[in-house]
Amino acid sequence: MRRTAPLLVAMLALSGCGLRPLYAGGAGGPVVQSLGAVEVAAIPGRAGWLVRTALVDRLGGAGTPRYRLEVELDDQVTGFGVRSDSAVTRERRTLRARYRLIDTSAGANQVVLDATAGSDAGIDVVSSEYATIAAEQSALERLSTEVAEQIATRLAVYASRPDGAAR
């Protein structure tokens with residue numbers, strides 16, 4: 001009994017804290033419905049295609065779009081880790097996104113969310129140019145998925161707020 005009493009007190013305290021699941025209600029829940037009403041605008045470039053595809057997969061755009069998501073990407077590869085012969089031995093690939101969620105209902109075109117997301121990855125530069133290019137492309141694919149996940153999570157948090165996306 002002495003061991004279970006603190007556990008019961010903790011459970012009672014947590015039940016009153018106001019936490020609730022983000023995706024409560026499953027496919028019919030308000031967050032999923034709001035995310036389904038987001039149309040992802042085209043994003044130029046290979047990185048843009050990867051991010052847009054990942055976003056469409058996560059948001060599940062079904063039904064009439066109420067929101068438009070506009071994303072601007074900044075993709076950079078920076079060399080560092082220079083050897084004595086001035087050859088680069090390590091690179092950092094950075095993918096940053098500035099995104100805006102625009103409410104298009106009733107022709108308003110009002111920006112309701114303006115934020116950024118980003119991630120980076122380290123790449124070893126090896127003697128094979130093909131291997132280095134393959135590593136850069138693989139890093140871009142991973143970074144695109146990570147950035148899209150950050151954006152989708154932020155949109156879900158916005159949609160879950162009482163003053164956020166319409167239910």
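The values are calculated or read from the model by the stated rules, or taken from the named source; none is laboratory data. Computed from a prediction, not measured in an experiment: that's the story for all the values here. Cβ coordinates were reconstructed from backbone atoms using ideal geometry, including for glycine residues, and neighbour counts include every protein chain displayed.
Odds and ends about this structure:
- Among the residues listed as THR89, THR78, THR145, THR94, the single one being under 26 Å from GLY45 (Cβ atoms), touching a Lys or Arg at 6+ places or on another chain (Cβ under 7 Å) and touching a residue at least 12 places away in the same chain (Cβ under 8 Å): THR78
- The lone exception for SER144 - which of (1) assigned to a strand (DSSP E or B); (2) at pLDDT 95 or above; (3) among the polar types (S, T, N, Q) it fails: (1)
- Within the range 78-99, restricting attention to residues that are over 20 Å from ALA115 (Cα atoms) and surrounded by 13 or more Cβ atoms within 10 Å (Cβ to Cβ), the residue that is nearest to the chain's Cα centre (by Cα) is ARG93.
- For the criterion of being at pLDDT 90 or above and more than 10 Å from the chain's Cα centre (by Cα), LEU113 passes.
- Verdict on TYR67 being surrounded by 17 or more Cβ atoms within 10 Å (Cβ to Cβ), at pLDDT 95 or above and closer than 26 Å to VAL32 by Cβ: no
- Subset of the range 118-132 [assigned to a strand (DSSP E or B), modelled with pLDDT of 90 or more and either over 22 Å from GLU149 (Cβ atoms) or in contact with a Ser or Thr (Cβ under 9 Å, 6 or more places away or on another chain) (or both)]: GLY118, SER119, ASP120, ALA121, ILE123
- Any chance GLY45 is surrounded by fewer than 16 Cβ atoms within 10 Å (Cβ to Cβ), at pLDDT 75 or above and on the phi > 0 side of the Ramachandran plot: yes
Per-residue answers, yes or no, for (1) among the polar types (S, T, N, Q); (2) out of contact with any Phe, Trp or Tyr (no Cβ under 6 Å at 6 or more places or on another chain); (3) within 18 Å of ALA152 (Cα to Cα):
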| site | (1), (2), (3) |
| --- | --- |
| GLU72 | no, yes, yes |
| ASP75 | no, yes, no |
| ASP85 | no, yes, no |
| VAL88 | no, yes, no |
| THR94 | yes, yes, no |
| TYR99 | no, yes, yes |
| ASN109 | yes, yes, no |
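- Among the residues of the range 111-120, some residue qualifies, meaning at least one is under 23 Å from VAL40 (Cα atoms), surrounded by fewer than 13 Cβ atoms within 10 Å (Cβ to Cβ) and without any contact (Cβ under 8 Å) to a residue 12 or more places away in the chain.
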